[in-house]
Amino acid sequence: MGASLETGTTTTNANAGAAATGTALGEQARPRIATTAPYQTIANADRGPGGESLADFLGVFSIGLGLAQVLAPESMSKICGIKDAEGNRGLMRALGAREFSHGMAILTNQQPEKAVWSRVAGDALDLAMLGKVMANPENDRRRALFATANVLAVTALDVMCAKQLSMQPKTVANEGADSGIIRTKRSITIAKSPEECYAFWHNFENLPQFMRHLESVTVTGERRSHWKAKAPAGQSVEWDADTTEDRPNELIAWRSTPDADVYNAGTVRFQRAPGGRGTEVRIELEYTPPFGKLGSKVAMLWREEPGQQVMDDLRHFKQVMETGEILFSDATKQRGPHPAQPNTKPVEL
């Protein structure tokens, strides 16, 4: 869990001032973010926009198109204006398999730039084939022309997406993407002293009180603890973690042991907020999702993606520290449609 554990250690040594203020980016990284206006939000988000949303759309589109070509090759051939639809069944299915593989590559890679460029190459091949279709007078040229116009439109999106992905700056938020690591940072201000916040968090067995995805945390040694958490589809996952750094009233850092099923590491920092407003609690988390990027996308549909979890947990931590209880609305207790009036009955801890 902690983006700063692997990268933060060297950053701290090279940029002591950056570590002292709790930032995960070195001083040299700041100008790059400041001068790339379209991607300024990357510094405060899990991953920058930079084509990610468009890439996800193109990935889903590829899978849908590929399935249609594989399951209904003759119909897809007729849509493209090919007269001998039955004779081109094998070719259409081969094109569908290629399209499906492109979609899966985009959705399962943390950094899908290469997969999107592969789609561009596939688009060029499709355009060449449609050119041959239009050159054959026996085919329906109007349908072939319509199909060509659609492929050109998708090609434009593919090229635009690939260029946006290639422009993503190297930040803490995405520097582990190629190795499959996802990073997230979240912070919140709590109207309590750093000493109080640190003391409560330092007892790891308190964590399930406000981290709803955690089932239990058991301290098993001086610097080791055993964690059990909820996973998507009603499953659970367990791991052991070591406390790698502990600075009283300032910072706690931990990392899963090498034999853990799911790699994760993190840090939580406690800084006195300006103006005597209490404590700024800042979490940096990194993890390898069990089913890669695709698993992370599915988890997001159920609000189980760690970036969302961390923010929810911080809000609950704030409520616990400031009021001693967590107020749950209907939307946080059950999924699906909810009445306009939330049920805010306190949940005693």
Does segment 171-178 contain at least one residue that is hydrophobic (A, V, I, L, M, F, W, C), open to solvent by 30 Å² or more (accessible area, probe 1.4 Å), at pLDDT below 85 and not in a helix (DSSP H, G or I)?
no
Criterion: part of a loop (DSSP other than H, G, I, E, B), loosely packed, with under 14 Cβ neighbours inside 10 Å, modelled with pLDDT under 90 and not acidic (Asp, Glu) - qualifying residue of GLY87, GLY50
GLY87
Report, by residue number, each residue of segment 95-113 that is at pLDDT below 85 and either within 16 Å of THR148 (Cα to Cα) or out of contact with any Pro (no Cβ under 6 Å at 6 or more places or on another chain) (or both).
ALA105, LEU107, THR108, ASN109, GLN110, GLN111, PRO112, GLU113
Check segment 63-72 and report whether any residue there is at pLDDT 90 or above and crowded, with 20+ Cβ neighbours inside 10 Å.
yes
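The rows are residues; the columns are (1) open to solvent by 70 Å² or more (accessible area, probe 1.4 Å); (2) at pLDDT 65 or above; (3) on the phi > 0 side of the Ramachandran plot.
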{"position": "ALA265", "(1), (2), (3)": "no, yes, no"}
{"position": "LEU301", "(1), (2), (3)": "yes, no, no"}
{"position": "ASP312", "(1), (2), (3)": "no, yes, no"}
{"position": "LYS318", "(1), (2), (3)": "no, yes, no"}
{"position": "GLY324", "(1), (2), (3)": "no, yes, yes"}
What single numbered condition from (1) closer than 15 Å to TYR263 by Cα; (2) surrounded by 15 or more Cβ atoms within 10 Å (Cβ to Cβ) fails to hold for PHE204?
(1)
Which one is surrounded by the fewest Cβ atoms within 10 Å (Cβ to Cβ), of the residues in segment 144-165 that are among the small types (Gly, Ala, Ser) and under 14 Å from VAL120 (Cα atoms)?
ALA153
Positions within segment 109-143 being open to solvent by less than 60 Å² (accessible area, probe 1.4 Å), within 30 Å of the chain's Cα centre (by Cα) and either among the aliphatic types (A, V, I, L, M) or under 17 Å from MET92 (Cβ atoms) (or both), in sequence order:
ALA115, VAL116, VAL120, GLY122, ASP123
Candidates MET76, MET92 - the one that is open to solvent by less than 60 Å² (accessible area, probe 1.4 Å), modelled with pLDDT of 90 or more and touching a Cys at 6+ places or on another chain (Cβ under 9 Å)
MET92
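The values are calculated or read from the model by the stated rules, or taken from the named source; none is laboratory data. Just so you know, these numbers come straight off a predicted model, no measurement behind them. All Cβ positions, glycine included, derive from the backbone under ideal geometry; neighbour counts span all protein chains shown. The protein model used for the area step is the full one, side chains on, heavy atoms only, and it has no ligands, DNA or RNA in it. Shrake-Rupley method; radii C 1.70, N 1.55, O 1.52, S 1.80 Å.
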